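Here is the structure we will look at, set down as structure tokens.
The values are calculated or read from the model by the stated rules, or taken from the named source; none is laboratory data. For clarity, every value in this text was computed on a predicted model and none was experimentally measured. Methodologically, a virtual Cβ is constructed for each residue, glycine included, from the backbone with ideal geometry; neighbour enumeration extends over all protein chains shown.
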Amino acid sequence: MSNTSNVHYMDHPLIKHKITMLRDERTGTNEFRKLVEEISMLMGYEALADLKTRDVEIKTPIEHTIQPVIDGRKMAIVPILRAGLGMVSGLLALVPTAKIGHIGMYRDEETHLPHEYYCKLPQFIDQRLAIVVDPMLATGGSLADAVEAIKQRGGKDIKAMCIIAAPEGVKAFTDRFPDVPLYVGALDRCLNENCYICPGLGDAGDRIFGTK
Ligand code: PRP
Ligand code: URA
């Protein structure tokens, strides 16, 4: 993983390979979902590398020993609806005890501005690490508004994760939230006139859910 300031770019070949499969227009809904799940798990492994551990005493069949476990930190996975839902299972495979919040956002087709239509977060969000997930960071508006929504409800420790990002979105997001670590699977070239990421993968929600 390489990083510039608070943005962490994935450079693992497995992640690169799977993102290429994801982009391919021939990849159907079933495989697309599986790939999103696998990429999210691999990215989660990287993004959670700084989790604190504490030592506990256990007994192996051989002897007593002091060994590390994750330090009971509460976590919330917060997908941005709809497409972020596809990333939840991959992260839950890593941290099965995490609670799940939901933030509903849609982008206006004309203005490309995000509109929040739903927000339900787990209790004690102020004491949790909240990981906001959305496969696509285009203009950055949806992710930034989602982070704002979590902060407004007391969230303090927040990480953001997206599979494909446009440079415009990374800049907009980090300008607004330089304190929030951002994990990016692949950085693409630019946005087109409809604010779609190029080369991107098309509409993530439609590809995950088979709509349109
Ligand atoms: C997509 C995507 C992000 C957003 C990114 O969602 O999943 O949430 O666009 O764009 P931005 O960075 O310019 O805000 P969309 O609004 O299409 O909703 P959907 O997931 O329900 O299809
Ligand atoms: N949302 C998507 O699903 N894809 C894009 O390229 C941009 C926004």
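Details
- Strands (runs of 3 or more DSSP E) fully within region 14-101 that include at least 3 residues being under 17 Å from the mean Cα position of the chain (by Cα) and buried (at least 18 other Cβ atoms within 10 Å of the Cβ): 75-81.
- Some residue of region 117-132 being outside any helix (DSSP H, G or I), within 13 Å of ligand 2 (Cβ to nearest atom) and touching a residue at least 40 places away in the same chain (Cβ under 8 Å): no
- Of the residues making up region 1-13, those that are part of a loop (DSSP other than H, G, I, E, B) and within 17 Å of the chain's Cα centre (by Cα) are M1, N6, M10, D11, H12.
- Scanning region 161-212 for residues that are assigned to a loop (DSSP other than H, G, I, E, B), touching a Cys at 6+ places or on another chain (Cβ under 9 Å) and within 11 Å of ligand 2 (Cβ to nearest atom) turns up A166, D188, N192.
- For beta carbons closer than 6 Å, sequence separation of 6+ or different chains, a first residue in region 79-94 that is closer than 11 Å to S40 by Cβ and a second that is crowded, with 20+ Cβ neighbours inside 10 Å and among the hydroxyl-bearing types (S, T, Y), the qualifying pairs are M87/S40; G90/S40; L91/S40.
- Each residue in region 133-153 was checked for being within 15 Å of ligand 2 (Cβ to nearest atom) and either more than 16 Å from L182 (Cα to Cα) or among the hydrophobic types (A, V, I, L, M, F, W, C) (or both), and 7 pass.
- Hey, L121 at pLDDT 95 or above, in contact with a helix residue (DSSP H, G or I) (Cβ under 6 Å, 6 or more places away or on another chain) and crowded, with 17+ Cβ neighbours inside 10 Å or not: no
- Residues that are under 20 Å from the mean Cα position of the chain (by Cα), more than 9 Å from ligand 1 (Cβ to nearest atom) and of a type in the set (D, E) within region 193-212 are absent altogether.
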